[in-house]
1. Taking 1 over the mean of 1/r across every pair of different Cα atoms in the stretch A:410-585, what Kirkwood radius in Å do you get?
2. Quick one: A:R239, A:R89, fewest Cβ neighbours within 10 Å first, how do they rank?
3. Evaluate the charge dipole of chain A about its Cα centre and quote only its size in Debye, nearest 20, assuming +1 on the Cβ of each Lys and Arg and -1 on the Cβ of each Asp and Glu.
4. Please give the FRET efficiency for B:E392 paired with A:Y325, using the beta carbon to beta carbon distance and R0 = 60 Å, rounded to the nearest 0.05.
5. If the cut-off is a Cα-Cα distance under 27 Å, which lysines reach A:K627, setting aside same-chain residues fewer than 8 apart in sequence?
6. Evaluate the distance, in nm, between pseudo-label points positioned 7 Å from the Cα of A:E83 and of A:I21 along their respective Cα→Cβ axes.
7. Working out 0.36 nm times the residue gap between B:D87 and B:K113, then minus their Cα-Cα distance, what length gain in nm do you get to one decimal?
8. Report the local net charge at A:D415: Lys and Arg +1, Asp and Glu -1, summed over other residues whose C-beta lies under 14 Å from its C-beta.
Amino acid sequence: MKKTLIVTVDLVIMGLILFFIIQYANTKMHESNKSEIEAFEKMTVSAEQIITNYLEDEQHLCDIWANYINRSAEAGTPMTAEEAISFIRKAKISPIIYGHLISLDDSSKNGISTHPGATDSHNYSVSYRNINLFDNPEEISREDGVVSLTRAYTNPQNGVQSIAFMNYVKVLDEATGELKEALLMRVEPVSVLEDKFVFLKGEYESVEISLINKEGDYLVHGKSLKNSNFFEYYKSYNRLDITDYNKMTEQVTSMSGTMTMLNSKGEECIISYTPLKSMNTWFLLTYIPKKDLDANTVIDWLLLGMVTLGLLGLLVFNYLILRFYNVKLAEAAAAANQANEAKSHFLSTMSHDIRTPMNAILGLNEMVLRESREEETIKYSESIRTAGKTLLGLINDILDFSKIEAGKMDIINVDYSFVSLLNDLVNMVQGKAEDKGLQFNLDVDRNIPVILNGDEIRIKQIITNILSNAVKYTNEGSITFKAGFEKEEDNPESGKLLISVTDTGIGIKPEDMKRLFQAFERIDEKKNRNIEGTGLGMSIAQSFLNMMGSHIEVESEYGKGSTFSFALEQGVRDWKPIGNYEKIFRHSLSEIRKYRERFTAPYARLLVVDDTPVNLSVFESLLKRTKVQIDTALSGDEGISLYRQKHYDVIFLDHMMPDKDGIETLREMKELADTPNKETPVVCLTANAISGMREMYMNAGFDDYITKPIDPDRLETMLLQYIPKGKIAPASEEDEADDFFIPDFIFKLEDLDVNSGLMHCGSRESYMVTLKMYLDSAQKNADEIEKYLKVGDIQNTTIKVHALKSTSRVIGALKLGNLAAQLEKAGEAGDTETLEREIGNLLTQYRELAKELEPLNDIKDDGASDDRPIITEKDMKEAYTALSEFCASFDYDSVVNIVESLERYRFPEDEATRFDALKKAVDNFDYELIPGILSGGEK
Amino acid sequence: MIIKKGELIKKTAVLLSAAILVTGLTACGKGQEKNAEFKPALPTETSCSIRVAGTYSNFESLESEFERFYEYYPNASLNYVYLDNYDNTIVSALLSDEAPDIYVTATWMLDDKKMAPVFENAEVLYDPSLNIDLDCIRKGARWTAENGDVVMLPIFTRSYGMLVNMDIFEKNGLKVPTDYKSLVEVCDKLKTAGYENPIMGANGNTVSGMYYAFSFPLFCDNVLKKPESVAPLNAMDKSAGEMMRPALEKLQDFVKKGYLNPARCSEEIADDYNAVIMRFFEGDVPMMLGSGDMVSGTAKRESKSEAFTANPFKYKFYVVPIDDDGGFFLDAVNLFFSVNKNSKNLDMTNEFIRFLTREKELGNMAAIKRLITPTDDFSLDEVYSSLEGFPEDKSFSYQETGLNDAVNKEFRAAAYKVANGIMTVDEAISAYGSLWE
């Protein structure tokens, strides 16, 4: 997952968490606000109760006054207005309370007050003429306990904003002597009422309490409610249509409730309203800014802020951790890539390097096969060759598996002999089966075409894997290998190869079938822990078949055995049936018991171009018995010159050469018009055995390629293919002994594997010639490598090292060859650092080996003058025994005779010193030393 | 409001107007500070309760200033109180324990002995220590007490003229007339365009009636040009009635030509405030005569007029170009504030007055009330933009004429009777002194 995607997902999750918190906080806030508003509304209702009580109390005091006056009238002793006011003046306690007695009979609305006017201390008359206060006098209650309250008005006596509680009284009209009704007013400053509100505020500091009448006019109002009329004020700052407005006024003047409105600053505020009980004329409004009820939201925002910070911190932390691990992963990936590259490198070099010892084994075995006359030895040797080739195949299996994994496996179809394929398979498996006491049955259809076209190597691998498994997992009974062929009617050039292997082994449980073709899976592991194998075989086999459009089918019964089979389409090159395979197999066994060159071609001519004389020498030696004429060239240019002049039947061209490599040389050759070699096939000589080489050389224009060290059998097969049939003659029946002298010190050189060298050179004589040539060119080569590297010519340094690798391996200097191979790789990869670091070591080893080989120069000279036969070991032992006995019996004459007779023979180098010491002892008459010399020799 | 003034007061007013100007400049006037941002002079955390008593039952423009003042003094609490029977209760209120800190005053109070306590309790506002910028008050709006003290701060002024429906003028390609000749021409063109009576107004004899706005400023101008006529006029000398002739003849001429139709105005306009405004909003009256009070009522009535809501139009206030070289800006203060020098919160009260006495705040109040600001800055209300830069020689206050209220009434009665054909111009002039019934 990309980093940005992770961060985006994190942010989305964060956003969702915050969204949830906000929603939750909002819900909680709304709930809290709602409860706050409810509490506020309750406070309003409580305030209403207190205010109502207060107003009722005040009205009650007014009523007491009125009752007293009215009772006097009822009792027949009515008071005059003056008397009534006088009574009130005495009855009232507070000086700020005024009593007014107003006559409503006339429009003047004059009356008398308990207090004089502010501007005239003698004038107690009061007039309400200019104060619009008694529009509806009939609405003023005459009942006790019913609050009759004026609006807030200006007390005409003192100019103070006041309210008045009213009741009617009957007083005596002094002018008429009759009772008349007058209005009694208990007048109080509004501020007294406002002072009561202070105690109602409770916990709400900003609350403002107002009283309005039904029209919305204020009796009292707080600082924030403007205008003289609440509804007008509401309209000024809150937009609503007439319906909503009427609804609002209706609600405010009829019920308890709460509403939100905007004040003159455009801020939200809460208005809680309730009518004053026992009066339907006044309504209590409590006002508070909404934010004062939303105080708790601060905590929520703080929480939100902290959570946001926390999440951001977490995001940053995660991001950093992610980044840290990404870096680690990148490093690990880089390391894995490096390891993978190393693996690839290892595998590619393995194909090169493992093949070398394998070739040594197979090469030596080849020598055994060629030289041995013993049936048993030949039989064993043949098994070695078969098994060795199989081992090489297995090594290739591992390479193949890697290639399958990497998707780089190619199916390469070639023409192949089905009999040859069967021979290899049977050779490999039959022995193993028989070793386990199993019966190996062959059931090969005799109509199988002799030459098929397909990927021989892969098919062999598939069948080998199946057969190997059958042998491994079968403890008793038999293994039956069946091969058949089916023609395809619609395609005359191909048919289906039918292969099946049936065993009487342990079988496979149905539940294990699925795991059968999985890499590294081993069925019934516990039970089969002693059976070797990587678990790769069936996986590779199935992969190969899938690539070839087929698959393995398995029928198995647990405990009884299994049958593995597949059908594979193959091209047919020669429809000639193979006939009775078992007969052919037995014949082939007898045929290959002794090496014989398969042909002679004295009139055939080859050109071999290689910059390394040793390689040219080996090549010549390998074909010595075929009597083929061989021209050699040490450079591309020299080869081109010969190419221009003479006709050749086949040309072998080394790939890696200094100055002009094989591909360049070939290109120049092909460009030549005037040449007798227009149709001559050109085969590439290469030490690179890794996959893909074949394609590369074919694409470069070569007709074929052969890897070094050269497989003699493959070389002869190739020549049989390319040399015109008319020049091929039967092989010579003449045996040729190879007893060419190889000095002992050669065998003792630690850095030299003589057997490997012999195998590559074909004969002892050829080997000695090759060694000498190696020695002769060593100094020059070492100097050239040094020179190229010194001037920074990495390409030619690499080419020279490549040649050294090749020649060293030919003579059996494997350690030196391997080191040269490493440096060749480094050179090709441009790794000058490794090249410069290790080249000294290489040259040192090279020069040391050359120094060790220097005695060869002497031997050549000695060999030319010393015609004495070499003494046999048996003769020498008998002579030493005789000398020892004659010394013991002090028969020194006989000792002298024996030594003199021994002088007619040439001694091996390691015995020459002893013989010299014997001679010296005899010459000096030191016969007593002879037993010691001999005993040292015996050691 | 009818202003009663004595001779002494008249002279004092005229003389002191100039004196105030000088004093004002010395005391507090620093022209460059006129529009400077208000800087609190007291600790802004000061808390107090200030009560303003007045005659308006509703004083939203003042309450707006309270809010603006709270921005500087958030702990202050200002409250407006309407006093019933203000003329009779303000004195008592000032003597009470709950005396207002600021109270409304009017010019007539200066001449009313009964109201003497109102000014005895008033703070002298030009005291340099108060730092009140009285210099921002327009010349024609300045008033002082008899002793020269500046105890009244003009808050609103009004004038007399006409509301012009700018859309009608624009639609007919007309310009608002600037002199009498162009006024006649415009009226002719409007009649041609189908406006039968281009000028309307309330057919009454009040100061808000159409005749006062149309012809009274011309009468005043004649009087100012002939100061010797003041005494006979005030004395109701019949011969002084001749001073009314030019104004009455122009009025009669307008009626005769059909520019004004008193009968139709009576029929369609029931009163000089609400009805005249609503009729104007019908949208078919090019010019509607009236006072500043009429203009002040327009803002709230726009939304109440279905016709205006459906077809809103642009309108402005202009003085009537009654003279050959233009009209006259008759300046009259509508409302004053005085400060109770016995206020329990005198410092903060003076601070509020200092805050208020600035072109911005007075202009803001006037714009909300849609009355004329007492300053020279008419920019805050486009309706009064025609008064910006009005020629000083054509601006005067009524008090400058020296005429008493009786003269005022006689002229109004004469104009009404002439316009309505009750009297001829000659008859009205002859009847001077007995015209007001």
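Every number here is computed from the coordinates shown, using simple stated rules; none is lab data. Remember, it's a predicted structure, so these values are computed and weren't measured experimentally. Cβ atoms come from the backbone with ideal geometry, glycine included; neighbour counts cover every protein chain shown.
1. 16.6
2. On the way: A:R239 8, A:R89 14.
Final ranking by Cβ density, sparse to dense: A:R239, A:R89.
3. On the way: 103 positive and 151 negative charges, 393 e Å.
Result for chain A is approximately 1880 debye, rounded to the nearest 20.
4. Rounded to the nearest 0.05, the efficiency is 0.10.
5. A:K594, A:K646, A:K678, A:K708, A:K725, A:K727, A:K772, A:K860
6. 8.2
7. Working: separation 26, 0.36 × 26 = 9.36 nm, distance 1.23 nm.
The B:D87-B:K113 span can extend by a further 8.1 nm.
8. Residues close to A:D415 contribute a combined charge of -3.
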